[in-house]
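**Q** The structure's right below; bear with me while I get my questions together.
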Amino acid sequence: MRDVRMKGFAQRADVEEVERFLADAVTVQSAEAVELAHCAGRVLAADVRAQVDVPTFARSAMDGYAVRGEDTFGAGEYDPVTLDLLGLALPGRPFPGRVGSREAVRIMTGAPLPEGADAVVMAEVCREADGRVEVRDAVAPRKHVGAVAEDIASGSVVLRAGRRLRAQDVGLLASIGVAGPDCVRRPRVRLVITGDELLPPGSRPEGARIVDSNSPMLAALVARDGAELLPHEILPDDAERIRTELARDDADVVLVSGGSSVGQEDHAPRLLGELGTLDFHGIAMRPSSPAGVGRIGTRLVFLLPGNPVSCLCAYDFFAGPAIRALGGRSRSWPHRRVRLPLARKIASMVGRVDYVRVAIEKGRVEPLATSGASILSSTVRADGFVIVSREREGMPDGATVEVLLYDDQAPEGSGA
């Protein structure tokens with residue numbers, strides 16, 4: 001393969017071409033049983049069909065008295081119906097006998113309805129004394145009674161494959177006795193962080209050395225996208241060390257941060273081509289033009305530029321969708337979106353995709369003046385970003401644009 005170090009890119013691939021390649025290259029991971037306590041956020045690999053009714057017995061929906069509804073007909077505030085009180089029904093401790101004509105059982109919410117009873121009178125309209133209960137309001141049969149299978153019927157599909165499990169989904173699975181649903185295996189991701197100039201996160205910059213900010217950022221993005229991050233360390237710009245790390249076969253996806261461009265110490269593209277295939281290197285976008293994509297065996301390898309904004313951009317365009325798809329999630333961008341007018345124009349050029357950081361001020365979209373790919377603070381000041389497609393040479397002042405928000409909550413003044 002051509003060594004582009006200190007030579008530059010002869011041509012750059014279109015973003016859409018890379019996205020199509022990744023869509024074809026990714027297949028959903030295999031399934032694994034996941035304990036109920038750990039399956040929130042996981043993606044179901046198969047439909048879940050109930051094997052039981054919920055509830056499996058008729059139960060009271062109120063605190064009150066279990067009765068035969070017809071015995072209460074005609075009851076009123078000034079003409080109560082008096083019934084003999086037989087006993088008590090509690091959740092998990094049903095009344096053992098049968099309710100007959102003109103009889104009642106005190107019952108609590110969730111307790112099984114006694115045999116013979118078909119309705120529950122609320123405690124608020126009853127008065128109990130001397131082993132009897134006065135009912136001051138009539139109830140129809142089945143009133144305040146949860147019927148068998150009212151919630152879930154045996155044999156019904158309660159959750160479909162591909163669903164990302166929420167807290168209430170986990171509760172539903174528990175209610176039908178599922179202990180370990182089959183979920184899509186989480187993709188395993190390895191970071192290869194390179195650079196002689198890098199200090200570990202948590203350090204302070206010193207001299208000509210800078211702190212690695214990409215690995216904690218990438219770790220957060222990988223967690224957002226539902227993958228498992230494997231242990232990693234910062235590597236020097238040493239070709240053999242990088243080769244050894246790239247050759248490890250314990251990950252589904254490898255994210256290389258730094259050493260991906262055309263500089264003298266940018267070893268990763270050449271090594272990827274030697275160990276597998278370098279399918280793309282150099283992409284028509286700003287920032288992140290030195291990004292690359294390749295494969296080593298079944299592993300996808302993403303070359304992410306060392307500049308933090310470029311790293312974030314390349315991850316969100318290429319690595320993020322692939323990781324989500326591997327884990328059974330949607331490839332779509334996970335950001336909330338709002339549509340608002342531009343406060344001033346965005347300049348671009350035909351043939352290149354632009355990732356433009358923006359702030360939202362008084363209901364208008366303000367492109368940030370800072371465009372440098374190393375200015376990570378620009379993404380902190382930004383509320384989100386606008387994507388300018390390769391077909392456009394910019395967007396005029398006042399044009400309505402779609403903003404992809406960095407935060408789950410829309411900023412004030414966005415109208416969302």
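The values are calculated or read from the model by the stated rules, or taken from the named source; none is laboratory data. What you are looking at is a predicted structure, and each value in this text was computed from that prediction instead of being measured. Here the Cβ is made from the backbone with ideal geometry for all residues, glycine too, and neighbour counts use every protein chain on show.
**Q** Between a first residue in the stretch 197-211 that is closer than 24 Å to P231 by Cβ and a second residue that is of a type in the set (A, V, I, L, M) and in a loop (DSSP other than H, G, I, E, B), which pairs have beta carbons less than 6 Å apart while being 6 or more apart in sequence or on different chains?
**A** Hits for this filter: zero, empty list.
**Q** Within the bounds of the stretch 329-346, is there any residue that is touching a residue at least 12 places away in the same chain (Cβ under 8 Å), polar (S, T, N, Q) and either under 30 Å from L165 (Cβ atoms) or crowded, with 24+ Cβ neighbours inside 10 Å (or both)? Walk me through how you get there before you give the answer.
**A** Within the stretch 329-346, the subset touching a residue at least 12 places away in the same chain (Cβ under 8 Å) is 329, 331, 333-346.
Then drop every residue that is not polar (S, T, N, Q), which leaves none.
No, the conditions are met nowhere in the stretch 329-346.
**Q** Looking at the stretch 267-277, can you tell me whether even one residue there is modelled with pLDDT under 95, of a type in the set (K, R) and over 30 Å from R381 (Cα atoms)?
**A** Within the stretch 267-277, one or more residues are modelled with pLDDT under 95, of a type in the set (K, R) and over 30 Å from R381 (Cα atoms).
**Q** Moving to a separate point now. How about the stretch 136-220: which strands (runs of 3 or more DSSP E) wholly inside it have at least 3 residues that are within 30 Å of Y65 (Cα to Cα)?
**A** On the way: elements: 157-159, 182-184, 188-194.
Of the strands (runs of 3 or more DSSP E) lying wholly inside the stretch 136-220, none has at least 3 residues that are within 30 Å of Y65 (Cα to Cα).
**Q** Could you check the stretch 97-117 and list, in sequence order, the residues that are more than 16 Å from D84 (Cα to Cα) and surrounded by fewer than 20 Cβ atoms within 10 Å (Cβ to Cβ)? Don't jump to the end; show me each part of the working.
**A** At the first step, the residues of the stretch 97-117 found to be more than 16 Å from D84 (Cα to Cα) are 108-113.
Scanning the stretch 97-117 gives M108, T109, G110.
Condition check ((1) touching a strand residue (DSSP E or B) at 6+ places or on another chain (Cβ under 8 Å); (2) closer than 16 Å to D252 by Cβ; (3) crowded, with 21+ Cβ neighbours inside 10 Å) across all residues:
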residue: V184; (1), (2), (3): yes, yes, yes
residue: T194; (1), (2), (3): yes, no, yes
residue: A227; (1), (2), (3): yes, yes, yes
residue: E233; (1), (2), (3): yes, no, no
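**Q** Let me ask another. Could you name every one of the strands (runs of 3 or more DSSP E) located completely within the stretch 240-311 that has at least 1 residues being touching a residue at least 60 places away in the same chain (Cβ under 8 Å), under 28 Å from the mean Cα position of the chain (by Cα) and within 22 Å of Y355 (Cβ to Cβ)? I'd like the intermediate steps shown before the answer.
**A** Working: elements: 253-257, 277-281, 292-296, 299-304.
Those strands (runs of 3 or more DSSP E) span 253-257, 292-296, 299-304.
**Q** Just the residues that are under 13 Å from G258 (Cα atoms) and either among the polar types (S, T, N, Q) or touching a Ser or Thr at 6+ places or on another chain (Cβ under 9 Å) (or both), please, taken from the stretch 175-197. Show your work before the answer.
**A** Of all residues in the stretch 175-197, those under 13 Å from G258 (Cα atoms) come to 191-197.
Result: L191, V192, I193, T194, G195.
**Q** Go through R209, R190 for me and flag whichever is touching a Leu at 6+ places or on another chain (Cβ under 9 Å) and modelled with pLDDT under 95. Walk me through how you get there before you give the answer.
**A** On the way: R190 fails: modelled with pLDDT under 95.
Matching residue, one of R209, R190: R209.
**Q** Being more than 26 Å from V28 (Cβ to Cβ) and of a type in the set (G, A, S) is the requirement here; does G320 meet it? Don't jump to the end; show me each part of the working.
**A** Values: more than 26 Å from V28 (Cβ to Cβ): no; of a type in the set (G, A, S): yes.
For G320, the condition - more than 26 Å from V28 (Cβ to Cβ) and of a type in the set (G, A, S) - is not met.
**Q** Can you tell which of S348, S378 is farther than 24 Å from L255 by Cα and at pLDDT below 95? Step through it out loud before you land on a result.
**A** On the way: S378 fails: farther than 24 Å from L255 by Cα.
That would be S348, the only listed residue that is farther than 24 Å from L255 by Cα and at pLDDT below 95.
A quick yes/no check of all residues on (1) under 30 Å from L303 (Cα atoms); (2) assigned by TED's automatic domain parsing to the domain that holds R132; (3) among the hydroxyl-bearing types (S, T, Y):
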position	(1), (2), (3)
L36	no, no, no
C39	no, no, no
Y65	no, yes, yes
D84	no, yes, no
G87	no, yes, no
G100	no, yes, no
V105	no, yes, no
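**Q** Looking at A314, A369, A322, A382, which one is among the small types (G, A, S) and more than 27 Å from the chain's Cα centre (by Cα)? Break it down into steps so the answer makes sense when it comes.
**A** Working: A314 fails: more than 27 Å from the chain's Cα centre (by Cα); A322 fails: more than 27 Å from the chain's Cα centre (by Cα); A382 fails: more than 27 Å from the chain's Cα centre (by Cα).
Result: A369 is the single residue among A314, A369, A322, A382 that is among the small types (G, A, S) and more than 27 Å from the chain's Cα centre (by Cα).
**Q** Then there's this: What is the one condition in (1) touching a residue at least 60 places away in the same chain (Cβ under 8 Å); (2) within 22 Å of R42 (Cβ to Cβ); (3) crowded, with 17+ Cβ neighbours inside 10 Å that G180 does not satisfy?
**A** Result: G180 passes all but (3).
**Q** Just to check your reading of the model, which residue among A33, A25 is under 19 Å from V253 (Cβ atoms) and either under 26 Å from the mean Cα position of the chain (by Cα) or not hydrophobic (A, V, I, L, M, F, W, C) (or both)? Break it down stepwise before answering.
**A** Values: A33 fails: under 19 Å from V253 (Cβ atoms).
Answer to the selection: A25.
**Q** Suppose the filter is without any contact (Cβ under 8 Å) to a residue 60 or more places away in the chain, closer than 22 Å to Q29 by Cβ and not hydroxyl-bearing (S, T, Y); does P231 pass it?
**A** Details: without any contact (Cβ under 8 Å) to a residue 60 or more places away in the chain: yes; closer than 22 Å to Q29 by Cβ: yes; not hydroxyl-bearing (S, T, Y): yes.
Criteria met by P231.
**Q** Ok, one more. Could you please let me know if A138 is buried (at least 18 other Cβ atoms within 10 Å of the Cβ) and without any contact (Cβ under 8 Å) to a residue 60 or more places away in the chain?
**A** On the way: buried (at least 18 other Cβ atoms within 10 Å of the Cβ): yes; without any contact (Cβ under 8 Å) to a residue 60 or more places away in the chain: no.
For A138, the condition - buried (at least 18 other Cβ atoms within 10 Å of the Cβ) and without any contact (Cβ under 8 Å) to a residue 60 or more places away in the chain - is not met.
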